[in-house]
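We did not get these values from a lab; they are worked out from the coordinates using the rules stated. Quick caveat, the model's predicted, so the values are computed rather than measured. Here the Cβ positions follow ideal geometry from the backbone for every residue, glycine too, while neighbour counts run over all protein chains shown.
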Amino acid sequence: MSDRHLCDLHRHTSERLGPRIALRHKRNGLFHDLSWTDYRRQADAAAAGLISLGVQPGDRVAILSENRFEWLIADHAILSCGAADVPLHAPLAAAQVEYQVGHSESRGIIISGQTQADKVFAVLASLPVLEFLVSFEPISAPVNCRLKLLTWEGLKHRGWAAGETALHEVARREAALTGRDLATIIYTSGTTGNPKGVMLAHDNLLTNAAGTGKISFMEPEDVLLSWLPYSHIYARTVDHYLTTWAGVTLALAESIETLVSNLAEIQPTWLTAVPRFYEKVWNSVEGQPPAERDQSLRKLFGPRIKQLTSGGAPLPRHVCEAFHAAGIPLLEGYGLTESSPVISFNNSESFKIGSVGRMIEDVDVRIADDGEILTRGPHVMQGYWKNPTATAETIRDGWLLTGDVGKLDDEGFLFITDRKKDLFVTSAGKNIAPSELERLLTSDPFIDQAVVYGDGRHFISALIVPNEALLRAEAEKLGCGWKVSDGFVTTSALTDFMQSRIDVVMEVVSQPERVKRCLLLDKPFQLAEDELTATMKVRRRHILSKYERELAALYE
């Protein structure tokens, strides 16, 4: 049975697998299972409820919630109405919610609870198109709130009460859908100005999930533990839709803070994550003897783990090598929101450490004369919502300009060198690829995160987030104390020590590329301070702008 769109995919999988476990989620301290039959039944009820609220094909409905199993059901419900959803990152401020809900002209919004509701209520006067709000949890609303307010359970009951007529309307709308119909608008986290809304059709997401699934070699008994935000395209496709395509169980972690304990409870066979997570795990065991370290890694991920996947940002090579040495395949892929997202992916039968793999099915890649990676195929977005100028700048003759610089080897493996917009030139005219230098820096166990600086300068410097535990131990050895001022570690003996370590890792690059000075930050980059994206990728331009004055002082 062929799937024409995402609704077909979910319905056919649910009918085929029926009582088997589709979702596993934690409530009141215990994990609960949801069968494929119940998964579809709840999605149909919610879809019928949305239709009764007046949602029409082509409308937009926003989702503002942390990860939870209801998020996944809401997604399928909105799609079954013939509408498109607009997933918003849960940490967004009220003004950001206002822009994305308003710009997408969403008619309704589905939220998790009071915290998110308050953001909507704070900007409601600026959202004239918004008509209703559905909350997974009970909330309190302002007096005389003009929105129609429902609980999640109330929405489903509204659908069930509508009976067979409503379910026939859901079926009719699904039958009318095509692969080219809009499925979602995802707003990218821009470094400056308002984010752009990436328009992805059913075909974009369905073919991308299938193409990735065909080289993932998932088996019926597999369980994928999921924790990345569903508002981001990585988890949306690779966790949400791919597991439906493969017909395997998706288990929801409670949060990043509980991920290690959830690994022990679920004992998954698969885990998708971002490099920052794997770096932190590696930093926690790196000081152990090799045999003990390998054992610690295997114990943490559990006896059933088959492979780990990494995406969303560059994976440091030394981390990848360490996991492979411990007998745990850590496989890196590459993509972006505009490509649904997967362009290439290493898999268990074909991988090269340091690369982001070969292209998945039906995806073409070529390298432009200036080194930029271009891609073409069914994964390429329809364009940016209400922004034809930006669309024309990004898609040319059917090729998506990724903004990344890279190369292809003789065997078709893709290697990412840097972000095109992040390349800079020193005052001596030397072209610098900051990502390469940052990867070198973070290969040192004393360096947790790094951002290099030097555009137009006569040497390169860096902001360094040290491994605090290791550096404090060194401070004890040196007997020099730990001084902090205005967010920086200022103990001269420690900055000298760190610079000496930087000098060692910089020996593999030419003199003009070497980091000559550094500033030590006293805390990691923070998502709450807009220093990281939703997938924990460092927002280099924002960080450099924030610390411009202190960095400039290094050159005085």
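For this structure, a couple of remarks:
- Considering only 80, 300, 238, and ranking their Cα positions along the charge dipole of the chain that arises from unit charges at the beta-carbon of Lys, Arg, Asp and Glu, the one farthest toward the positive end is 80.
- For 156, 280, 299, the sequence from fewest to most other C-beta atoms within 10 Å is 299, 280, 156.
- Geometric descriptor of the chain, per residue, is 166 Å³ (volume of the convex hull of the Cα atoms).
- Ranked by the mean number of other Cβ atoms within 10 Å of their residues, highest first, the peptides 28-39, 128-139 come out as 128-139, 28-39.
- Unit charges at the beta carbon, dipole of the chain: most positive-side option, 341, 120, 97: 120
- For the chain, the membrane-span-like helices by this rule, meaning whole DSSP H stretches whose C-alpha atoms cover at least 18 Å of axis and whose Kyte-Doolittle mean is 0.0 or above, are 492-505; this says nothing about an actual membrane.
- Coarse-grained scattering of region 122-192 at q = 0.12 Å⁻¹, given as base-10 log I(q)/I(0) from a Debye sum over alpha-carbon atoms: -0.58
- Stokes-Einstein diffusion of region 17-75 at 4 °C, 1.567 mPa s viscosity, Kirkwood radius from Cα pairs, rounded to a whole number: 100 µm²/s.
- Normalised by the number of residues in the chain, the average gap of Cα pairs under 8 Å and 6 or more apart makes the relative contact order 10 percent.
- FRET efficiency, 1/(1 + (r/R0)^6) with R0 45 Å, evaluated for residue 482 and residue 153 via beta carbons: 0.30
- Of interest is the spacing of the C-alpha centroids, which for region 59-126 and region 422-486 amounts to 39 Å.
- Taking N as the residue count of region 1-153, its C-alpha radius of gyration divided by 2.2 N^0.38 Å amounts to 1.06.
- Proportion of all alpha-carbon pairs of region 199-333 beyond 24 Å (%): 27 percent
- DSSP-defined antiparallel bridges as percent of all bridges, the chain, nearest 5: 55 percent
- Once the gyration tensor of the Cα atoms in region 73-151 is diagonalised, the equivalent ellipsoid follows with semi-axes of 18, 15, 13 Å, ordered largest first.
- The charge dipole of region 423-553, taken about its Cα centre with unit charges on the Cβ atoms of Lys, Arg (+1), Asp and Glu (-1) only, comes to about 260 debye.
- The Rg/Rh ratio of region 423-553, with both radii computed over alpha carbons and Rh defined as the Kirkwood radius, is 0.95.
- Positive-end ranking of 532, 475, 510 along the dipole of region 423-553, with charges on Cβ about the Cα centre, is headed by 510.
- Rounded to the nearest 20 debye, dipole of region 68-130 from Cβ charges on Lys, Arg, Asp, Glu: 60 debye
- Percent of C-alpha pairs per 5 Å bin, region 207-420, short to long: 1, 7, 15, 19, 20, 16, 11, 7, 3, 1, 0, 0
- Of 119/156; 26/537; 421/516; 523/546; 196/537, pairs whose Cα-Cα distance is over 20 Å: 119/156; 26/537; 421/516
- Coarse-grained scattering of region 474-547 at q = 0.15, 0.20, 0.27 Å⁻¹, given as base-10 log I(q)/I(0) from a Debye sum over alpha-carbon atoms: -0.69, -1.02, -1.12
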